[in-house]
Amino acid sequence: GVLKAIERRLSLPPLYFHDQLGPTKSSSQWHMKRYIIDTGRGNVEQNAQCEPKNDNPESQSGNGVDIFLPVHTDPSLISVVILDRPGVNSNAMGLEVFSSNKSEKIQEKVFDNCTWQELPNHGHGVAIIFVGSVLSYLTKGQIFPAVKHRVVDWRIKTKDDDGCCICGSREERMAVTLFVRPHGNALMKTLPSPDLNTGKKMSNNPPTFSAWNSRVATNYMKK
């Protein structure tokens, strides 16, 4: 349903993604990421300076928060993320999305005028959908730019009477993601949409998805 909605938005022929890039059903990939709690550290921790415990340089751009999964985009057309909690729950257990009014340097992890915002809900009743770097590439970064996201510490933090930071318990977290991807032999050519500014020149020799993905997969796996 999501890809069909994107086809309509871009004025593409019906079933374009299936016919030109698919079948995505046989080329998509499930991914599960689980964070296990270190019970030896206890359920409550205190830090007088309220500073993060890791030295990840990106934490400086996130208002001093602990980073569990650094900023990245997904190598997919779209990604469907579901967090393993019954029903619909508030917040997203640290899953944040990035937006900026200025150009940002992701590789150097330097951001200007950026905003990180945690998604409002999660659970079995919530499907979180991200635009991936594949769709962004096929639309030349127009209309559907890839969503930059990360996972930060999801504990509730408060301060006691002395101003010390009290970190509540961190629950175990498991997220399942479906990466909807093109078939390996599908050509990564700009989508024939009248809504895209493709310029005068278009590549006559676009790479296959397999070739393109091999160039970006290494960077993703490092995250």
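For residues that are open to solvent by 60 Å² or more (accessible area, probe 1.4 Å) and either under 13 Å from residue 191 (Cα atoms) or in contact (Cβ under 8 Å) with a residue 24 or more places away in the chain (or both), tally how many sit in region 2-13.
4
Please verify whether region 112-121 includes one or more residues that are surrounded by 14 or more Cβ atoms within 10 Å (Cβ to Cβ), of a type outside the set (A, V, I, L, M, F, W, C), at pLDDT 90 or above and in contact with a Ser or Thr (Cβ under 8 Å, 6 or more places away or on another chain).
Looking through region 112-121, at least one residue is surrounded by 14 or more Cβ atoms within 10 Å (Cβ to Cβ), of a type outside the set (A, V, I, L, M, F, W, C), at pLDDT 90 or above and in contact with a Ser or Thr (Cβ under 8 Å, 6 or more places away or on another chain).
Restricting region 202-223 to residues that are in a helix (DSSP H, G or I) and open to solvent by 70 Å² or more (accessible area, probe 1.4 Å), which is modelled with the highest pLDDT?
214
May I ask you to verify whether residue 198 is out of contact with any helix residue (DSSP H, G or I) (no Cβ under 8 Å at 6 or more places or on another chain), of a type in the set (S, T, N, Q), crowded, with 18+ Cβ neighbours inside 10 Å and at pLDDT 70 or above?
Spelling it out, it is not the case that residue 198 is out of contact with any helix residue (DSSP H, G or I) (no Cβ under 8 Å at 6 or more places or on another chain), of a type in the set (S, T, N, Q), crowded, with 18+ Cβ neighbours inside 10 Å and at pLDDT 70 or above.
Looking at (1) modelled with pLDDT of 90 or more; (2) buried (at least 19 other Cβ atoms within 10 Å of the Cβ); (3) in contact with a helix residue (DSSP H, G or I) (Cβ under 7 Å, 6 or more places away or on another chain), can you tell me which one residue 129 breaks?
With respect to (1) modelled with pLDDT of 90 or more; (2) buried (at least 19 other Cβ atoms within 10 Å of the Cβ); (3) in contact with a helix residue (DSSP H, G or I) (Cβ under 7 Å, 6 or more places away or on another chain), residue 129 is out only on (2).
Pairs under 6 Å by beta carbon, first residue more than 14 Å from residue 133 (Cβ to Cβ) in region 190-216, partner in a helix (DSSP H, G or I) and modelled with pLDDT of 90 or more, six or more apart or different chains?
Hits for this filter: 191/138.
The values are calculated or read from the model by the stated rules, or taken from the named source; none is laboratory data. In this text the structure is predicted, and so the values were computed from the model without any measurement. Note: ideal-geometry Cβ built from the backbone for every residue, glycine included; neighbour counts use all protein chains shown. Surface areas here come from the heavy atoms of the whole protein model, side chains and all, with no ligands, DNA or RNA. Shrake-Rupley method; radii C 1.70, N 1.55, O 1.52, S 1.80 Å.
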